[in-house]
Amino acid sequence: MIAEAGLVALWLAAALAFLQLGLVAFGLAGKKSELLEAVRPVAVAQGALTTIAFTALIALFMRSDMSVLLVANNSHSMKPWLYKFAGTWGNHEGSMLLWVTVMGVAGAAVALFERALRRDTHMATLGGQAAISLGFYAFLLFASNPFARINPPAADGQGLNPLLQDPGLAFHPPTLYLGYVGLSVAFSFAIGALLTRQVDASFARAMRPWVLAAWILLTLGITAGSYWAYYELGWGGWWFWDPVENASLMPWLAATALLHSVTVLATRDALRAWTVMLAVIAFSMSMVGTFLVRSGILTSVHAFAVDPERGSFILVLLGIYIGGALALFGWRVGAVREGAPFELVSRETMLVVNNLLLSVILGLVLIGTLYPLLTEAFGHKVSVGAPYFDRIAGPIALILMIVMAAGPLTRWRRDNLAEVGRRLIVPAVIAMIAFAAVAILAWGRIGVLPFLGLVIALAVAAGSVAPLWKRNLRRTPLFTWGMVVAHLGCAVSLAGMACDSAFTVEKLAAVRPGDVVEAAGWKLRLTRIVPIAGDNWTALQADMEASRNGGPPVMLHPQSRFFPSPPTTTTEAALLTRWNGQLYVVLGQEADQGRWQLRVWWKPFVTLIWFGGALVALGGALALVGRERRGWLLKWRGKAAVA
Amino acid sequence: MRKLLIWLPLALFAGFFILFASGLLKPDDRVITSKQVGKTLPDFTLPPAASDRPALMSRELATGKPRLLNIFASWCVPCAAEAPQLLALKRAGVEIDAIAIRDAREDVDRFLARYGNPYDRIGLDARSSVQIALGSSGVPESFVIDGKGRIAYQHVGDIRADDIPMILQQLEDAR
């Protein structure tokens with residue numbers, strides 16, 4: 001019954017999306033206000049129905065209902081409850097249901113909470129959201145029904161990929177999807193604005209919180225995903241430039257550019273067409289990413305569902321939505337007047353440079369990701385690896401960081417180059433001191449990129465807090481704090497990346513119980529290897545004692561885990577976090593004569609990477625709350641004044 | 001100029017769309033056929049892989065009559081699934097030799113006792129060197145060797161029941 005109820009809710013939601021689109025189309029075309037009255041309730045109902053459908057699927061997974069094909073294929077009755085729950089989206093159909101649920105709920109939120117937008121643009125936006133949702137409903141209902149039954153029911157499920165059996169699965173995909181799919185709101189805003197030709201500052205102010213919210217969640221999702229891959233895959237790396245990682249990075253790059261250009265539009269009414277374009281591109285990148293992941297067109301460690309038929313379906317959706325939006329852009333944007341002009345030395349110019357650099361990185365990542373496809377079309381098979389991306393995107397990202405430090409110190413509209421230079425003196429001095437310090441400490445031992453990365457990270461950290469100098473900190477608006485914290489987060493993250501690639505010490509050893517491995521001042525003694533049993537796995541566990549520079553020993557327990565369903569072995573790295581770095585130990589295979597392979601890394605300050613990512617998201621949250629609270633306060637004061 | 005810029009994104013997207021569509025519609029070609037097909041077998045001499053079957057030398061395969069050379073391993077699950085089809089080919093009169101890849105004699109004996117033994121001779125290729133010389137990229141694979149010791153045909157993956165007529169035809173064609 002639950003499965004059927006879920007399916008009915010999904011069909012009803014699709015029907016409501018169709019109705020919503022029709023109401024908007026006829027309401028706006030025929031100027032029929034009574035039709036438009038119904039749009040918002042319909043959008044809310046649609047959001048509720050998608051939530052019901054998704055809840056139904058969660059219930060089926062929690063109950064291990066093996067008469068449902070999806071549950072039988074991807075779950076197992078012996079799994080711990082957390083993985084039954086999170087397993088709901090650990091598969092193709094479930095994750096696509098999460099996709100439409102996020103779209104539905106985001107649409108409902110736009111219907112309920114958006115007050116700043118002009119009414120016709122608001123309605124056109126909801127029409128756009130309904131139109132995109134319809135395609136994905138069709139995809140679910142016709143090509144990936146999550147509620148399909150099997151008869152007779154399976155005796156038990158086939159289990160969930162053990163790599164996914166980790167608390168990370170409960171957090172990373174939903175957060176990422178909220179951001180990834182949340183960008184659909186910005187896309188719909190752009191469609192709405194193009195349809196009603198309202199591309200101006202008030203439109204930008206209305207769109208900004210939605211972009212910010214999606215961007216915060218996307219930032220958190222990527223940060224969490226990076227940390228998860230780091231500790232679960234046991235390679236000691238935190239970013240692999242895998243096509244699926246790039247699929248999440250590309251929307252983030254576009255959304256980051258959008259976040260900045262929307263501020264220019266909101267504050268100075270400039271960059272109109274460009275902002276609309278970015279809003280279209282950001283969600284288009286989400287859709288392209290989904291296509292790349294789901295079609296299996298690129299080989300990836302993440303290739304969950306290699307299915308060309310589904311790929312064709314998504315490709316058709318891409319053609320309709322991206323092609324349609326870009327055609328609408330071409331058709332309508334000519335009618336958008338040029339925005340306000342600005343001087344060469346101004347905050348606007350800095351933000352334009354930020355946008356250009358982010359776009360260049362986006363373009364390079366896109367080309368790198370698709371290059372194997374391109375050459376294959378001409379008969380060559382190649383793969384593009386991390387060295388390309390590091391070498392190409394790295395230097396541009398460093399320049400971007402410098403602009404990031406200078407931008408907030410430049411005034412809107414018009415500034416004086418000498419003045420800007422004077423404000424940058426302190427960061428510049430810090431950069432020179434950092435250069436000297438890093439040169440003395442590590443000259444010749446580290447690469448050029450990590451070297452520059454460290455120097456720039458220190459200078460940018462100083463530069464990013466510079467907007468707070470000589471200000472009354474209690475009177476500084478919350479959104480300014482947000483910007484400072486987010487920019488500081490970028491510097492912190494960069495410092496972590498540079499330290500990791502510059503100073504990581506790696507040691508490979510084969511040891512017997514009782515032997516000691518030494519790495520970077522750490523002494524690790526293997527006490528014994530013991531078999532242990534978990535909920536749905538068994539493991540060989542190494543009991544180890546680690547101590548640094550003769551300090552008190554700490555116990556470490558790296559494992560090699562075996563899961564019977566489906567039969568897989570995973571490595572569970574042991575991590576020991578200290579303020580100045582992380583010790584990362586992986587237990588490998590048994591070598592000859594009772595010796596065990598051990599892989600040990602000492603990674604100085606590596607945790608700064610994710611701490612920085614969290615700071616960036618926190619900064620976004622402060623900016624969002626700051627802007628919204630200001631809106632509420634202004635409204636409240638206005639009401640008080642009227643009273 | 002502005003007009004051109006406005007339509008540029010759509011034009012770029014059209015290019016990507018065509019690229020995606022061509023990548024998607026192209027048949028998924030993951031089979032890597034050996035460059036050795038049509039050439040004479042590389043020279044090799046392999047020690048016996050099973051206790052009750054003789055060793056394998058490349059010149060023993062040129063007997064004037066087409067033979068099947070099966071590449072397998074006791075640790076390979078598809079090879080176990082393929083065993084009934086090889087026995088059926090044996091019953092149909094096909095002479096089959098084999099190379100066991102990265103294997104041990106006890107394991108091969110156990111495998112043959114369990115799944116049946118259609119082979120005349122089995123050579124042990126402990127380091128996959130002959131496998132690589134043959135241009136074989138995995139197990140199981142089967143080669144049709146004509147009477148002069150030339151590779152006439154390569155079958156990648158396990159032989160399914162409905163492949164049998166095709167294999168017999170290939171053996172016939174190699175005459």
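Test each condition in (1) under 30 Å from A:V244 (Cα atoms); (2) open to solvent by 20 Å² or more (accessible area, probe 1.4 Å) for A:L373 and report the one that comes out false. Among (1) under 30 Å from A:V244 (Cα atoms); (2) open to solvent by 20 Å² or more (accessible area, probe 1.4 Å), the lone unmet condition for A:L373 is (2). Would you say A:T121 is among the β-branched types (V, I, T) and more than 27 Å from A:A86 (Cα to Cα)? Judged against the criteria, A:T121 is a match.
The condition (being touching a Gly at 6+ places or on another chain (Cβ under 8 Å), of a type in the set (F, W, Y) and part of a helix (DSSP H, G or I)) is satisfied by just one residue among A:Y180, A:Y137: A:Y180. A single entry from A:D500, A:D515 fulfils the requirement of being under 28 Å from A:S560 (Cβ atoms) and open to solvent by less than 20 Å² (accessible area, probe 1.4 Å): A:D500. Kindly indicate whether any position in segment A:110-127 is touching a Gly at 6+ places or on another chain (Cβ under 7 Å), crowded, with 18+ Cβ neighbours inside 10 Å and within 30 Å of A:Y231 (Cβ to Cβ). Scanning segment A:110-127, I find no residue that is touching a Gly at 6+ places or on another chain (Cβ under 7 Å), crowded, with 18+ Cβ neighbours inside 10 Å and within 30 Å of A:Y231 (Cβ to Cβ), so the answer is no. Per the conditions (1) surrounded by fewer than 24 Cβ atoms within 10 Å (Cβ to Cβ); (2) more than 30 Å from A:V600 (Cα to Cα), the sole criterion not satisfied by A:W238 is (2).
The helices (runs of 4 or more DSSP H) falling completely within segment A:307-425 that include 3 or more residues that are under 25 Å from B:L5 (Cβ atoms) and in contact with a helix residue (DSSP H, G or I) (Cβ under 8 Å, 6 or more places away or on another chain) map to A:324-332, A:347-377, A:386-406. With respect to A:V185, determine if the residue is at pLDDT 85 or above, of a type outside the set (D, E) and more than 25 Å from the chain's Cα centre (by Cα). Against the criterion (at pLDDT 85 or above, of a type outside the set (D, E) and more than 25 Å from the chain's Cα centre (by Cα)), A:V185 does not qualify.
Residue check: A:T527 meets all listed conditions (1) in a strand (DSSP E or B); (2) in contact with a Gly (Cβ under 7 Å, 6 or more places away or on another chain); (3) of a type in the set (S, T, Y) but one, namely (2). Checked against (1) open to solvent by 10 Å² or more (accessible area, probe 1.4 Å); (2) modelled with pLDDT under 95, A:A72 meets all criteria but (1). Within segment A:328-361, the only residue that satisfies the criterion of being within 14 Å of chain B (Cβ to nearest Cβ) and hydroxyl-bearing (S, T, Y) is A:S359.
Screening A:R595 with (1) in contact (Cβ under 8 Å) with a residue 40 or more places away in the chain; (2) among the charged types (D, E, K, R); (3) farther than 17 Å from A:K507 by Cα; (4) surrounded by fewer than 17 Cβ atoms within 10 Å (Cβ to Cβ) gives one miss only, at (3).
The values are calculated or read from the model by the stated rules, or taken from the named source; none is laboratory data. Owing to the predicted nature of the structure, the values given are computational and were not obtained by experimental measurement. Cβ sites come from the backbone with ideal geometry, for glycine too, and all protein chains shown count toward neighbours. Quick note on the areas: whole protein, heavy atoms, side chains included, nothing else; ligands and nucleic acids left out. Shrake-Rupley method; radii C 1.70, N 1.55, O 1.52, S 1.80 Å.
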